[in-house]
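Here the structure is laid out as structure tokens; the discussion comes afterwards.
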Amino acid sequence: MSGGTGTAPGAASGTAPGVTVRVPAKVNVQLAVGAARPDGFHDLASVFLAVSLYDEVTAAPADRLTVTCEGPDADRVPLDRTNLAARAAELLAARHGLDPAVRLHIRKAIPVAGGMAGGSADGAAALLACDALWGLATPRATLLDLCAELGSDVPFSLVGGAALGLGRGERLTELPVGGTFHWVFAVADGGLSTPVVFGAFDRLAEGRDIPVPAASPALLDALADGDTTALAGTLANDLQAAALSLRPELAATLAAGTGAGALAALVSGSGPTTAFLVKDADAATAVAEALLASGTCRATHTATSPAPGATVLRAGTPAPGATLL
């Protein structure tokens, strides 16, 4: 497989017969983590919210599978078959007996290795884009099964909105949300490996009884009511202590955001991106500016939630004569 950076021919101009899918980042407003299972995974109760920070993946006909990428930290995105977008194309093609000959171009806005499911989002987007490009009309239940094969967070990237994820996080129940929530996300230098963070969680939990993870009823009520203040009082991330043990400087970022008026702060997923729940759009702007001025992060994003899941923005004609294996 080959790849590179820069805009794929036709991706920006819209002249190529391709399909572009937009896909959101996520924040875990609750991440309850159980003890390690025999298979090495952990049972989770993860309350996902999709936020209005998006990647876009364009799938276009090609002679072979290639991946290109542009955007912040594009140089940190793998362009080989370890990329979840590439794996998604291969998995979908194998399910339908096709040759995965496609060019995938990723426009990044979601932080890379930042705990906001950027890689998972690209996998879900590629799955939907290739399905449309190849004219497959794969049933949604099958797409969700393929998402679960790709990774624990990929199904939610397809679904969006709000959902409770059980098991590894892949078994989803969609949740009602009664209003709009405003967020600021602070991007740290470098990334954190999710397996490494879970390893730190296991070390910190050694010798303790770890309860079976369950969603907080108060948090679910706050989401359903659209009550920002109530939600702020229920945010929780069982991986936060592990992430802070690996990146202690994140504590200063959390303190800077709350000191600037955020109602609540937490590490997003496995980190190192930090998330700040704020009252409204004006507060989001003020907190974002204060975080940048504090020097404790290298970039900030404001966003709202919930946001729709993977969505086709532009669809060309399905590729003629998709090659059967």
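Laboratory data are not the source of any read-out in this text; all were calculated from the coordinates shown. Remember, predicted model here, so these are calculated numbers, not experimental data. Please note: Cβ atoms are built from the backbone with ideal geometry, for glycine as well, and neighbour counts cover all protein chains shown.
Given charges of +1 on the Cβ of Lys and Arg and -1 on the Cβ of Asp and Glu, with all other atoms neutral, how large is the dipole of segment 17-175 about its Cα centre, in debye to the nearest 20? Don't jump to the answer; show the numbers that get you there.
Values: 14 positive and 18 negative charges, 23 e Å.
In debye, rounded to 20, segment 17-175 gives about 100.
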On each of the three principal axes the extent of the alpha-carbon atoms of segment 17-175, given in whole Å and largest first, is 45, 34, 29
1/(1 + (r/R0)^6) with r = Cβ-Cβ of Ala62 and Leu292, R0 = 41 Å, i.e. FRET efficiency to nearest 0.05, evaluates to 0.55
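For the chain, what D do you get in µm² per second when you plug the Kirkwood radius from alpha-carbon pairs into Stokes-Einstein at 25 °C and 0.890 mPa s? Could you put the intermediate results ahead of the total?
Details: Rh = 19.9 Å.
Reported coefficient: 123 µm²/s.
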For Asn237, the residues 5 or more places away or on another chain with a placed amide H closer than 5 Å to its own amide H are Leu31
With +1 on the Cβ of every Lys and Arg and -1 on the Cβ of every Asp and Glu, the dipole magnitude of segment 181-305 about its Cα centre, in debye rounded to the nearest 20, is 300 debye
For segment 181-305, the charge dipole (Cβ of Lys, Arg +1; Cβ of Asp, Glu -1; about the Cα centre) points to a positive end, and the Cα of Leu220, Ser305, Leu266 closest to that extreme belongs to Leu266
Helix 140-150 sits off the longest principal axis of the Cα atoms of the chain, rounded to the nearest 10 on a 0 to 90 degree scale, by 70 degrees
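Got the relative contact order for segment 181-305 handy, in percent, Cα pairs under 8 Å and 6 or more residues apart? All intermediate terms of the calculation are to be shown ahead of the outcome.
Details: 209 pairs, mean separation 54.3, N = 125.
Reported relative contact order: 43 percent.
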Mean-square fluctuation maximum in Gaussian network of the chain, Cα pairs under 10 Å, restricted to Pro72, Pro155, Pro211, hits Pro211
Projecting the Cα atoms of Ala88, His105, Gly71 onto the charge dipole of segment 55-115, where Lys and Arg contribute +1 and Asp and Glu -1 at Cβ, the residue farthest towards the positive end is Ala88
Per-residue ellipticity at 222 nm attributable to helices in the chain (runs of n ≥ 4 DSSP H, -39500 (n - 2.57) apiece, nearest 500 deg cm²/dmol) works out to -9500 deg cm²/dmol
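Which value, in debye to the nearest 20, gives the size of the charge dipole of the chain about its Cα centre, when Lys and Arg are +1 and Asp and Glu are -1 at the Cβ?
Values: 20 positive and 30 negative charges, 91 e Å.
Roughly 440 debye, rounded to the nearest 20.
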Expressed as a whole-number percentage, the relative contact order of the chain with C-alpha contacts under 8 angstrom and at least six residues apart is 26 percent
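Quick one: compute the contact order of segment 17-175, relative version, from alpha carbon pairs under 8 angstrom and 6+ residues apart, as a percent.
Details: 362 pairs, mean separation 46.8, N = 159.
After rounding, I find 29 percent.
Specify the longest stretch of the chain that does not include any exposed loop site, a site being one of the GluC sites (Glu not before Pro) with a non-H, G, I, E, B DSSP assignment and at most 15 other Cβ atoms within 10 Å.
Working: sites that count: Glu206, Glu249.
Here the longest segment lacking exposed loop sites spans 1-205.
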